[in-house]
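Asks: Structure incoming, see below.
The values are calculated or read from the model by the stated rules, or taken from the named source; none is laboratory data. The shown structure was predicted, so the numbers you read here are calculated from the model rather than taken from an experiment. Positions of Cβ are generated from backbone atoms using ideal geometry, with glycine treated the same way; all protein chains shown enter the neighbour counts.
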There are 2 protein chains.
Amino acid sequence: MQLSEIYQLVEEDLTRVESQIKAVTEVDSPRLAELLSHILGGGKEIRPALTLLSGKFYHYNLDLLLPMATAVELMHTATLIHDDAIDNSTVRRGRPTINKVWGEDKAVLLGDYLFAKAGEFAAITGNLRVIMLFSQTIQIISSGELDQAFDAFNLEQTRARYLRRISSKTASLFSLATESGAILSQAPEESIKVLREYGCNLGIAFQIVDDVLDFVGTEEEMGKPVGSDLAQGTLTLPAMLLLERYPDDNPVKELFHNRDMPEGDKKKKIKQAIELVGNSSIVKQCYEAASDYCAEACHNLGLLPDNLSRQALKDIADLVISRKR
Amino acid sequence: MQLSEIYQLVEEDLTRVESQIKAVTEVDSPRLAELLSHILGGGKEIRPALTLLSGKFYHYNLDLLLPMATAVELMHTATLIHDDAIDNSTVRRGRPTINKVWGEDKAVLLGDYLFAKAGEFAAITGNLRVIMLFSQTIQIISSGELDQAFDAFNLEQTRARYLRRISSKTASLFSLATESGAILSQAPEESIKVLREYGCNLGIAFQIVDDVLDFVGTEEEMGKPVGSDLAQGTLTLPAMLLLERYPDDNPVKELFHNRDMPEGDKKKKIKQAIELVGNSSIVKQCYEAASDYCAEACHNLGLLPDNLSRQALKDIADLVISRKR
């Protein structure tokens, strides 16, 4: 099953989201327009699809779901722009980052602009609960990112802390996507809860897979260099498991202990870590963890009305743990 | 007349704003709490005062005005944090900046957090028009800041461009402060317009004075180093007038043409420019321009009900052009 097949149900409306996002680039300032055109218009994405699909169980109201799906995708883009600026990343989605081309200052300001534009789209729904949730989600995400920044190059991290961090920085946006879809389609509270928890668990699984792919993916598939988490000093699940297996002589440990080692040595250590992970059962173990979260995500979907959208959400969960990028 | 006297009218409620802002620092994460405590709690500020005073003409509803005044001040703080990160500024309000103490990455994320927290407070008003205005204002501000960043070290700037830029980056927040106060107190459209335009003109005057003080103030008064605009390559009104007066041999020109000159030479050029401005009638000319905007700000206040708040707004306009920090 391909993502495109799953999306069929909301294909037309996802195209509308794309058009809305494209329209965001139409601003008076030619320089702002250039930056926006560089970063926007990536195609049919998972987060807005989740909002639309989550809106299919009760009163599907496109006038509300369309701006919200757009808000969710724009907010995601804003976080990526700031992440790349913070990490000095040079490539994203196979293209040079905003900070690489125009400088970090422009990236910070463009991210601010898009957070606010996303907020405007959320406000178009006119739904105060969703608007509030939107603002709270940005707080949760930045707070999770702050934790990650403070924990950089820190080897003393528990798995619980890792899970809390990815819940904040990734899963919260997935659950905003699904929960807002539910709220805007007037779902009963119980169904809102089911969809929120689906989003949350799916988001955790998504991030675990993302973290594995940073070890075993290719730059071509990922649209960004592999090993970048280690380079940033971010300890993810695969690296944690590697530390457990090789507590003494371990490239991650050496890398984190000697942050100022020459660039060439760093790359060697990262390559070693990637090979060790690739040649172990760590990848399998991570996918199992992700699988568990996907199973958990789907666990209560049975409480929702039985329709094509429910099947699509299950299919997305299956896809998340088999994705390559 | 002191600011404290003018504020008397809203003294008690400004204290409530302070308490709300202080409460923002009470979060679970001790590291986030530390950053928030460092940056929040500056005292009674002009922007929330403007919101409260603008709410005094019709139905003063503290349940709505209090969160909005808080939102306005938090949004202002968020912009300062990002500005300082972008400019690598080390001192603000007499204290080390977030980026100086914790690094630029933390500053970006903390700014994001506070933008979103401000958005949450705006949402508490439950007023969709104000919520929308809030998001649009952040877009206008970041777009103005982007223009400024793109125009850095560019000598070919017109006064019209300067005014457009400060309208976006400064005056838009002042007019959000006054307009939202008007809307939330159920002012008629005509009065909303009067207060919005008051805020806009006051904001322009405020920024012109700010730009003058960057030349003729002291670090002690300003809470940050003087000459920082020139150091960032930002061409403000005093520098523009200096270029007009000395088109050939001009320290600003030399500074902007040779961005890579040694730090010591840069400082000399900045000092020269500061002295030239200080010894000319440029300061007077700038204050006259600011005065004109203040007069324009007050021009239509007569259309509002005659009360103490109207007088306070006039007094604030007088104070803006005599302020020393």
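Asks: Quick one: in the range A:168-184, which of the residues that are over 18 Å from B:Asp112 (Cβ atoms) and not hydrophobic (A, V, I, L, M, F, W, C) is surrounded by the fewest Cβ atoms within 10 Å (Cβ to Cβ)? Walk me through how you get there before you give the answer.
Replies: Applying the first criterion (over 18 Å from B:Asp112 (Cβ atoms)) to the range A:168-184 yields A:174-175, A:177-184.
Narrowing the set further to residues that are not hydrophobic (A, V, I, L, M, F, W, C) leaves A:175, A:178-181.
Working: A:Ser175: 25, A:Thr178: 28, A:Glu179: 28, A:Ser180: 33, A:Gly181: 32.
Ranking the qualifying residues of the range A:168-184, first place goes to A:Ser175.
Asks: Output the number of the condition that A:Ser19 fails; it satisfies all remaining conditions of (1) surrounded by fewer than 21 Cβ atoms within 10 Å (Cβ to Cβ); (2) closer than 27 Å to A:Gln139 by Cα; (3) among the small types (Gly, Ala, Ser); (4) more than 13 Å from chain B (Cβ to nearest Cβ).
Replies: Every listed condition holds for A:Ser19 apart from (2).
Asks: Taking B:Ile39 as meeting all but one of (1) surrounded by 14 or more Cβ atoms within 10 Å (Cβ to Cβ); (2) of a type in the set (Val, Ile, Thr); (3) more than 14 Å from chain A (Cβ to nearest Cβ), write down the number of the exception.
Replies: Result: B:Ile39 fails condition (3) only.
Asks: For B:Asp248, which of the numbered conditions (1) acidic (Asp, Glu); (2) part of a helix (DSSP H, G or I); (3) out of contact with any helix residue (DSSP H, G or I) (no Cβ under 6 Å at 6 or more places or on another chain) fails to hold?
Replies: (2)
Asks: Given the residues A:Ala182, A:Ala122, A:Ala116, which is the only one that is away from every other protein chain (no Cβ under 14 Å) and part of a helix (DSSP H, G or I)?
Replies: Numbers: A:Ala122 fails: away from every other protein chain (no Cβ under 14 Å); A:Ala116 fails: away from every other protein chain (no Cβ under 14 Å).
On inspection, the qualifying residue turns out to be A:Ala182.
Asks: Which residue pairs have Cβ atoms under 6 Å apart, sit 6 or more places apart or on different chains, and have a first residue in the range B:131-143 that is more than 7 Å from every other protein chain (Cβ to nearest Cβ) and a second that is assigned to a helix (DSSP H, G or I) and charged (D, E, K, R)?
Replies: That search, which allows pairs on different chains as well, returns B:Ile141/B:Lys169.
Asks: May I ask you to verify whether A:Leu65 is touching a residue at least 60 places away in the same chain (Cβ under 8 Å), within 14 Å of another protein chain (Cβ to nearest Cβ), surrounded by 24 or more Cβ atoms within 10 Å (Cβ to Cβ) and assigned to a helix (DSSP H, G or I)?
Replies: Working: touching a residue at least 60 places away in the same chain (Cβ under 8 Å): yes; within 14 Å of another protein chain (Cβ to nearest Cβ): no; surrounded by 24 or more Cβ atoms within 10 Å (Cβ to Cβ): yes; assigned to a helix (DSSP H, G or I): yes.
So A:Leu65 does not fit the description; no.
Asks: Here is a further query. For A:Leu235, state whether it is farther than 30 Å from A:Gly42 by Cβ and among the hydrophobic types (A, V, I, L, M, F, W, C).
Replies: Numbers: farther than 30 Å from A:Gly42 by Cβ: no; among the hydrophobic types (A, V, I, L, M, F, W, C): yes.
No: the conditions fail for A:Leu235.
Asks: Return yes or no: is B:Leu237 surrounded by fewer than 24 Cβ atoms within 10 Å (Cβ to Cβ), over 29 Å from B:Ser135 (Cα atoms) and at pLDDT 95 or above? Give the derivation first.
Replies: On the way: surrounded by fewer than 24 Cβ atoms within 10 Å (Cβ to Cβ): yes; over 29 Å from B:Ser135 (Cα atoms): no; at pLDDT 95 or above: yes.
When the stated conditions are applied, B:Leu237 does not pass them.
Asks: Which condition number does A:Ala122 fail, the rest of (1) in contact (Cβ under 8 Å) with a residue 40 or more places away in the chain; (2) more than 30 Å from B:Leu146 (Cα to Cα) being met?
Replies: (2)
Asks: I'm checking my understanding of the structure. Among residues of the range A:114-146 that are surrounded by 19 or more Cβ atoms within 10 Å (Cβ to Cβ) and charged (D, E, K, R), which one is farthest from B:Ile86 (Cα to Cα)?
Replies: A:Glu120
Asks: Here is a further query. I need a count of the residues in the range A:278-312 that are of a type in the set (Ser, Thr, Tyr) and not in a helix (DSSP H, G or I).
Replies: Going residue by residue through the range A:278-312, those that are of a type in the set (Ser, Thr, Tyr) are A:280-281, A:287, A:291, A:293, A:309.
If we keep only those that are not in a helix (DSSP H, G or I) as well, we get A:280-281.
Final tally of qualifying residues: 2.
Asks: Listed residues B:Glu18, B:Glu11; which is under 29 Å from B:Ala107 (Cα atoms), of a type outside the set (Gly, Ala, Ser) and not in a loop (DSSP other than H, G, I, E, B)? Don't jump to the end; show me each part of the working.
Replies: Values: B:Glu11 fails: under 29 Å from B:Ala107 (Cα atoms).
Sole residue among the options that is under 29 Å from B:Ala107 (Cα atoms), of a type outside the set (Gly, Ala, Ser) and not in a loop (DSSP other than H, G, I, E, B): B:Glu18.
Asks: Would you mind telling me which numbered condition in (1) crowded, with 18+ Cβ neighbours inside 10 Å; (2) over 22 Å from A:Arg323 (Cα atoms); (3) among the small types (Gly, Ala, Ser) A:Ser54 fails?
Replies: (2)
Asks: Considering the range B:144-162 alone, what residues qualify as being part of a helix (DSSP H, G or I), over 16 Å from the mean Cα position of the chain (by Cα) and more than 10 Å from chain A (Cβ to nearest Cβ)?
Replies: Selection gives B:Arg159, B:Ala160, B:Arg161.
Asks: Next question, about the same structure. Report whether or not A:Ala78 is over 16 Å from B:Phe115 (Cα atoms) and within 11 Å of another protein chain (Cβ to nearest Cβ).
Replies: Values: over 16 Å from B:Phe115 (Cα atoms): no; within 11 Å of another protein chain (Cβ to nearest Cβ): yes.
No, not satisfied.
Asks: Related question: Can you name the condition, by its number, that A:Arg165 falls short on among (1) under 30 Å from A:Lys266 (Cβ atoms); (2) away from every other protein chain (no Cβ under 13 Å); (3) buried (at least 19 other Cβ atoms within 10 Å of the Cβ)?
Replies: The one condition A:Arg165 does not meet is (2).
Asks: Return yes when A:Ala107 is more than 7 Å from chain B (Cβ to nearest Cβ), more than 28 Å from A:Arg196 (Cβ to Cβ) and assigned to a helix (DSSP H, G or I) and no when it is not.
Replies: Working: more than 7 Å from chain B (Cβ to nearest Cβ): yes; more than 28 Å from A:Arg196 (Cβ to Cβ): yes; assigned to a helix (DSSP H, G or I): yes.
Yes, satisfied.
Asks: Next question. Within the range B:44-51, identify whether any single residue is in contact with a helix residue (DSSP H, G or I) (Cβ under 9 Å, 6 or more places away or on another chain), free of Cβ contacts under 8 Å to residues at least 40 places away in the same chain and more than 14 Å from every other protein chain (Cβ to nearest Cβ), and answer yes or no.
Replies: Taking the range B:44-51 first, the residues in contact with a helix residue (DSSP H, G or I) (Cβ under 9 Å, 6 or more places away or on another chain) are B:44-51.
Okay, now just the ones that are also free of Cβ contacts under 8 Å to residues at least 40 places away in the same chain, so B:45.
Okay, now just the ones that are also more than 14 Å from every other protein chain (Cβ to nearest Cβ), so B:45.
Checked against the condition, which is being in contact with a helix residue (DSSP H, G or I) (Cβ under 9 Å, 6 or more places away or on another chain), free of Cβ contacts under 8 Å to residues at least 40 places away in the same chain and more than 14 Å from every other protein chain (Cβ to nearest Cβ), the range B:44-51 yields at least one hit.
Asks: Shifting gears a bit: How many residues, within the range B:109-133, are over 14 Å from B:Ala69 (Cα atoms) and among the basic types (Lys, Arg)?
Replies: 1
Asks: Within the range B:99-113, track down each residue that is more than 18 Å from A:Asp83 (Cβ to Cβ) and surrounded by 17 or more Cβ atoms within 10 Å (Cβ to Cβ). Reasoning before the result, please.
Replies: Of the range B:99-113, the ones more than 18 Å from A:Asp83 (Cβ to Cβ) are B:100-101.
B:Lys100 - this is the single residue of the range B:99-113 that is more than 18 Å from A:Asp83 (Cβ to Cβ) and surrounded by 17 or more Cβ atoms within 10 Å (Cβ to Cβ).
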